[in-house]
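K.L.:
One structure coming up, written as structure tokens, with questions to follow.
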Amino acid sequence: MSFTVEDLDEAIAPWGGEVALDGKPVWPVRADWSTEASERVDDFFDSADFGHRTLREVRYSKRVISVSLLLIGRPAILDFRRLVFTLRGRCKPFRYTFEPDGFERVWRLNTDSVSIDYLRPSLARVELEFLEIEE
């Protein structure tokens, strides 16, 4: 079952979580991983065919990770919603430490829409994609 809310006038309190020195929110690590994370790197390139040799020059690479987070308890769900409203979809970047990397990088959401699947009133699952931003 799926519901779409139109003309949402809900007032969401500002996110009061950790903020980095550069003003970007720091993604909270309090949510549990419910499935494995995946990672992909897409190369975007210019190519030219000179008949005997093909030239291919990579312009940039795009690294995207997919994670599934389990939000346990109403406070965790509300904090997550506050963060999503603060980020305004993929508009604003945030800092996040992807566990396999081990150090903090700048990311943004890969899409503007975020879907929260409620398993129970106080238990929810979120499927997200993060796009790494080069600094």
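K.L.:
What number of residues within the range 10-34 are open to solvent by 70 Å² or more (accessible area, probe 1.4 Å), at pLDDT below 80 and β-branched (V, I, T)?
P.N.:
1
K.L.:
Still on this structure, I have one more. Looking only at the range 96-110, count how many residues are open to solvent by 60 Å² or more (accessible area, probe 1.4 Å) and either farther than 9 Å from L131 by Cα or β-branched (V, I, T) (or both).
P.N.:
Filtering the range 96-110 down to residues open to solvent by 60 Å² or more (accessible area, probe 1.4 Å) leaves 99-100, 103-105, 108.
Cutting the leftovers down to either farther than 9 Å from L131 by Cα or β-branched (V, I, T) (or both) gives us 99-100, 103-105.
Selection size over the range 96-110: 5.
K.L.:
Does I133 qualify as being more than 23 Å from D43 (Cα to Cα) and in contact with a strand residue (DSSP E or B) (Cβ under 7 Å, 6 or more places away or on another chain)?
P.N.:
Criteria not met by I133.
K.L.:
Does the range 78-95 include one or more residues that are in contact with a Ser or Thr (Cβ under 8 Å, 6 or more places away or on another chain), open to solvent by 30 Å² or more (accessible area, probe 1.4 Å) and touching a residue at least 12 places away in the same chain (Cβ under 8 Å)?
P.N.:
yes
K.L.:
List the pairs whose first member sits in the range 98-113 and is at negative phi, whose second member is open to solvent by 50 Å² or more (accessible area, probe 1.4 Å) and among the acidic types (D, E), and whose Cβ atoms are under 6 Å apart, counting only residues at least 6 apart or on separate chains?
P.N.:
Hits for this filter: V106/E135; N110/E129.
K.L.:
Quick one: count up the residues across the range 88-111 that are over 17 Å from P25 (Cα atoms) and acidic (D, E).
P.N.:
Going through the range 88-111 one residue at a time, the tally reaches 2.
K.L.:
Cβ contacts < 8 Å: first residue in contact (Cβ under 8 Å) with a residue 12 or more places away in the chain and loosely packed, with under 10 Cβ neighbours inside 10 Å, restricted to the range 44-59; second residue outside any strand (DSSP E or B) and not polar (S, T, N, Q), any location; separation 6+ or different chain. Result?
P.N.:
none
K.L.:
Moving to a separate point now. Would you tally the residues in the range 30-74 being within 24 Å of F98 (Cβ to Cβ), of a type in the set (S, T, Y) and part of a strand (DSSP E or B)?
P.N.:
So the count comes out to 5.
K.L.:
Still on this structure: Considering only residues that are of a type in the set (S, T, Y) and under 30 Å from G17 (Cα atoms), which ones fall in the range 27-67?
P.N.:
Answer for the range 27-67, where residues must be of a type in the set (S, T, Y) and under 30 Å from G17 (Cα atoms): S34, T35, S38, S66.
K.L.:
Report the residue count in the range 114-135 for those that are acidic (D, E) and more than 12 Å from the chain's Cα centre (by Cα).
P.N.:
Number satisfying all stated conditions: 3.
K.L.:
Scanning the range 112-135 for residues that are open to solvent by less than 60 Å² (accessible area, probe 1.4 Å) and out of contact with any helix residue (DSSP H, G or I) (no Cβ under 6 Å at 6 or more places or on another chain), which turns out farthest from S68 (Cα to Cα)?
P.N.:
Within the range 112-135, the match that is farthest from S68 (Cα to Cα) is I133.
The values are calculated or read from the model by the stated rules, or taken from the named source; none is laboratory data. On a predicted model such as this, the values are computed, not experimentally measured, just so you know. Cβ sites come from the backbone with ideal geometry, for glycine too, and all protein chains shown count toward neighbours. Keep in mind that these areas ignore ligands, DNA and RNA; they rest on the heavy atoms of the full protein, side chains included. Shrake-Rupley method; radii C 1.70, N 1.55, O 1.52, S 1.80 Å.
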